[in-house]
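Beneath this line is the structure, given in structure tokens, with notes to follow.
The values are calculated or read from the model by the stated rules, or taken from the named source; none is laboratory data. Quantities reported herein were computed from a predicted structural model and do not represent experimental measurements. Every residue, glycine as well, gets a Cβ built from its backbone with ideal geometry; the counts of neighbours run over all protein chains shown.
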Amino acid sequence: MELVDPTIFRLAIFVLAIFVGYYVVWSVTPALHTPLMAVTNAISSVIIVGALIAAAATAQGSDVSAWLSKGAGGIASALAAVNIFGGFMVTRRMLAMYKKKEKPAAKKEGA
């Protein structure tokens, strides 16, 4: 029996992860959205640390691999930063939905 090509195996896992992620995210109730966003922001902050390390790393060998590493680290840092700040904006907006709305002040007659 032949072994499955590693690329096909990884592609199958990726496709399954897409389906599982879709059904997990869309089945979350709105009340759990804000805590989940806070956890996602924490994960993204760990990712940005790794991206900054990759951007600052010096590669052994050719200059091309060093620039490739720095470029990939820089792009990863930018995308993680967008994810973090976007997550905070969404979390703030979700929390604003739970605040009580202020009633406008009543107008005085004859003034």
Can you tell me which residue within the stretch 48-74, out of those that are without any contact (Cβ under 8 Å) to a residue 12 or more places away in the chain and part of a helix (DSSP H, G or I), is surrounded by the most Cβ atoms within 10 Å (Cβ to Cβ)? Ala66
Pair list, Cβ under 6 Å, 6 or more apart: the stretch 81-94 residue assigned to a helix (DSSP H, G or I), other residue surrounded by 15 or more Cβ atoms within 10 Å (Cβ to Cβ) and of a type in the set (Ser, Thr, Tyr): Asn83/Ser44; Ile84/Ser44; Gly87/Thr40; Thr91/Thr34; Met94/Thr34
Would you mention how many residues in the stretch 25-46 are more than 25 Å from Ala81 (Cβ to Cβ) and either modelled with pLDDT of 75 or more or touching an Asp or Glu at 6+ places or on another chain (Cβ under 8 Å) (or both)? 3
